[in-house]
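Novice: I'd like to ask you about the structure that follows.
Bear in mind these aren't lab numbers, they're just calculated from the coordinates by the rules spelled out. This structure is a prediction, so every number in the text was calculated from the model and none was measured.
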Amino acid sequence: MDGITPAKTILVVDDEQDILTYLSTLLDDHGYTVRTASNAKEAWEKILSCAPDLLTLDIMMPKQSGIAFYRNMKLDARTQTIPVIFISAFSMAQNFTGFRFRKLVPDEEVPEPEGFLEKPIVIPTLLALIRNVIG
């Protein structure tokens with residue numbers, strides 16, 4: 001290797017194509033390698049094939065919610081160490097940690113996510129959170 005550090009890979013999971021395009025472009029412009037998935041099944045396949053350094057995850061998705069996907073991911077030894085930042089239209093970011101999170105995911109084996117951001121996304125906040133989590 002020539003001393004160049006490979007870019008960190010972020011998997012963006014959202015069922016809205018405009019959000020996938022927006023976040024992909026934004027993160028790519030800031031030096032991250034970006035993969036996308038529009039549903040839980042596709043996300044699972046990409047997690048196993050590309051081993052992302054971080055996942056951004058929407059809550060409201062068809063067939064399987066982001067919460068259910070997150071729970072399954074954190075209970076699987078192959079994927080449980082991948083950090084997750086939820087990005088959602090739900091206006092509950094202030095109440096998503098602690099007690100509220102435990103009401104959604106009562107399984108004590110499932111840790112809280114690394115972050116929760118509301119849509120519309122505040123770019124500096126998202127980028128600072130990502131840098132804090134994966135560099």
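Novice: Return the subset of Lys41/Lys63; Lys8/Lys41; Lys41/Lys74; Lys46/Lys74 for which the Cα-Cα distance in this structure is over 20 Å, preserving the input order.
Specialist: On the way: Lys41/Lys63 9 Å; Lys8/Lys41 22 Å; Lys41/Lys74 15 Å; Lys46/Lys74 16 Å.
Beyond 20 Å: Lys8/Lys41.
Novice: Mind checking the full-extension length gain between Asp76 and Thr33? Use 0.36 nm per residue of separation minus the Cα-Cα distance, one decimal, nm.
Specialist: Values: separation 43, 0.36 × 43 = 15.48 nm, distance 2.40 nm.
Difference between extended and current length: 13.1 nm.
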